[in-house]
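What follows is a set of notes on a single structure, which appears directly below.
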Amino acid sequence: MTRPVPASASHEDLTLELAATAARLIAEDGCDYATAKRKAAQLVIGEAGATKRRLPENDLVESELRRYLRTFGGDRHAALLRRLRGMALKAMEYFAQFNPHLVGAILNGTATEHSNIHLHLFTDSAKDVEIFLLNEGVRFTVEEAHEPAGALESIYVQLPRRLLGTETHAPDAVLSVLPTNAERIASRFRSSDVSLSPTERSGRASLTALRTLLSAADTTE
């Protein structure tokens, strides 16, 4: 069901409303950014208008998502983020031989209960990662990598609950395998949000960096 958009609504107001609606869909329904923006356009301006309207940039949607989580998530979201980062650390330790780096929502603080663990593995042989998983008896699927640029392949992994130290829901892992020299290239996931720590803003965190981030969070509680 769509709701009428006031005729007096400015371009900026409409873009912000689309971003805020997309953010809510990501937080509540687990939509990815592209799906959330498309659904937001349908909800706010209708099916016909959605096909003609330029959708908000991901940076604006992320900013609105961060605002939504701070407003409605509070301590509950902070606890969820600590738990997800702790599980991400265990996953990175598991893949330590492949130089793992955490990227995405769990690092930048916009993770929800629907979020997976996104890791970049810097190794010149994607087959070595597959062989490791086969030897470990871990379920996974391999897909052609579309993001980030230069990735050798993407591997979707069902992480065992025992590995993550949980008996309830365990997020899956999305592994992007990149050549070792790609680590020298700055992450495209960097954020300009000054409320974030340098590690969170960096867009990519090594094992050491994530451990430091978790230790800093523990000392501030």
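The values are calculated or read from the model by the stated rules, or taken from the named source; none is laboratory data. What you see is a predicted model; the values in this text were computed from it and never measured. As a convention, Cβ positions derive from the backbone with ideal geometry for all residues, glycine included, and neighbour counts pool all protein chains shown. With ligands, DNA and RNA removed, areas are computed over all heavy atoms of the protein, side chains included. Shrake-Rupley method; radii C 1.70, N 1.55, O 1.52, S 1.80 Å.
Which value in Å does the Kirkwood hydrodynamic radius of the stretch 132-221 take, with 1/r averaged over all unlike C-alpha pairs and then inverted?
Hydrodynamic radius (Kirkwood, Cα pairs) of the stretch 132-221 is 15.6 Å.
Below 18 Å, Cα to Cα, which aspartates and glutamates can Lys127 reach? Residues fewer than 8 away in the same chain don't count.
In chain and number order, the partners are Glu136, Glu143, Glu144, Glu153.
Among bridges DSSP assigns within the chain, what percent are antiparallel (round to 5)?
In the chain, approximately 70 percent of DSSP beta bridges are antiparallel ones.
Roughly how compact is the stretch 99-142, stated as its Cα Rg over 2.2 N^0.38 Å to two decimals?
1.37
Nearest 5 percent is fine: what portion of the DSSP beta bridges confined to the stretch 97-221 is antiparallel?
Of the beta bridges lying entirely in the stretch 97-221, close to 70 percent run antiparallel.
Throw me the Rg/Rh for the stretch 67-129, computed over C-alpha atoms with Kirkwood Rh, two decimals.
In the stretch 67-129, Rg relative to Rh is 1.08.
Pop out the carbon and sulfur fraction of the accessible area of the chain as a percent, whole number, probe 1.4 Å.
Whole-percent figure for carbon plus sulfur exposure: 50.
Just flag the GluC sites (Glu not before Pro) in the stretch 137-173 sitting in loop per DSSP whose Cβ has no more than 14 other Cβ atoms within 10 Å.
Of the GluC sites (Glu not before Pro), the ones in loops of the stretch 137-173 whose Cβ has at most 14 other Cβ atoms within 10 Å are Glu144, Glu167.
How big is the charge dipole of the stretch 18-154 about its Cα centre, in debye rounded to the nearest 20, if each Lys and Arg gets +1 on its Cβ and each Asp and Glu gets -1 on its Cβ?
That gives a dipole near 740 debye.
Binned at 5 Å from 0, what are the whole-percent values of the Cα-Cα distance distribution for the stretch 26-99, short to long?
3, 13, 16, 17, 15, 13, 10, 6, 4, 2, 0
If you roll a 1.4 Å probe over the heavy atoms of the protein chains, what accessible area per residue do you get for the chain, in Å²?
With all protein chains present, the chain gives 56 Å² per residue.
Using 5 Å bins from zero, what percent of all Cα-Cα pairs in the chain falls into each bin?
Bin by bin from 0 Å, the calculated values are 1, 6, 14, 17, 17, 15, 12, 8, 5, 3, 1, 0, 0.
Can you tell me the alpha carbon radius of gyration of the stretch 84-196 divided by the globular rule-of-thumb value 2.2 N^0.38 Å?
Dividing the Cα radius of gyration by 2.2 N^0.38 Å gives 1.04.
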